[in-house]
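The next block holds one structure in the form of structure tokens; read it before the comments.
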Amino acid sequence: MTLSEKQRKHLRTQGHALKPVVMIGAKGLTESVLQELDQSIEHHELMKIRVSVGDRDARDAVIAEACERTGAELVQRIGNIALLFRPRKKNSAIILP
């Protein structure tokens with residue numbers, strides 16, 4: 001799924017007030033963290049994650065892997081916070097323009 005710029009802007013607006021739900025620490029993207037991330041994004045659809053690993057390149061790699069393994073789309077990344085979106089399989093609460 002590829003988001004248009006208009007859809008990204010809409011999701012950034014909705015995600016502005018959100019707090020990070022999942023935090024990825026120094027051990028990186030472990031199977032338990034990945035499982036929690038998958039369950040959380042299925043429930044929330046739009047969520048922030050905090051990635052506290054290494055430098056910028058390491059954070060980008062962890063975020064890209066998380067998106068790839070969960071099927072989520074990266075909406076925005078600022079510092080160590082990433083905003084991810086994946087619509088629910090049934091009854092999606094977020095309607096994209």
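The values are calculated or read from the model by the stated rules, or taken from the named source; none is laboratory data. Computed from a predicted structure; not experimentally measured. Reconstructed Cβ throughout: ideal geometry from the backbone, glycine too, with neighbour counts over all protein chains shown.
Things to note:
- Qualifying residue in region 70-80 (condition: of a type outside the set (A, V, I, L, M), in contact with an Asp or Glu (Cβ under 8 Å, 6 or more places away or on another chain) and in a loop (DSSP other than H, G, I, E, B)): no
- Region 1-44, residues that are in a loop (DSSP other than H, G, I, E, B), surrounded by 13 or more Cβ atoms within 10 Å (Cβ to Cβ) and either in contact with a Cys (Cβ under 9 Å, 6 or more places away or on another chain) or at pLDDT 95 or above (or both): Leu18
- If the condition is being buried (at least 16 other Cβ atoms within 10 Å of the Cβ), touching a residue at least 40 places away in the same chain (Cβ under 8 Å) and within 14 Å of Ile24 (Cβ to Cβ), then region 57-77 contributes only Ala66.
- Where Met47 falls short, out of the listed (1) of a type in the set (A, V, I, L, M, F, W, C); (2) at pLDDT below 95; (3) assigned to a strand (DSSP E or B): (2)
- Selection status of Ser92, in a helix (DSSP H, G or I) and not charged (D, E, K, R): no
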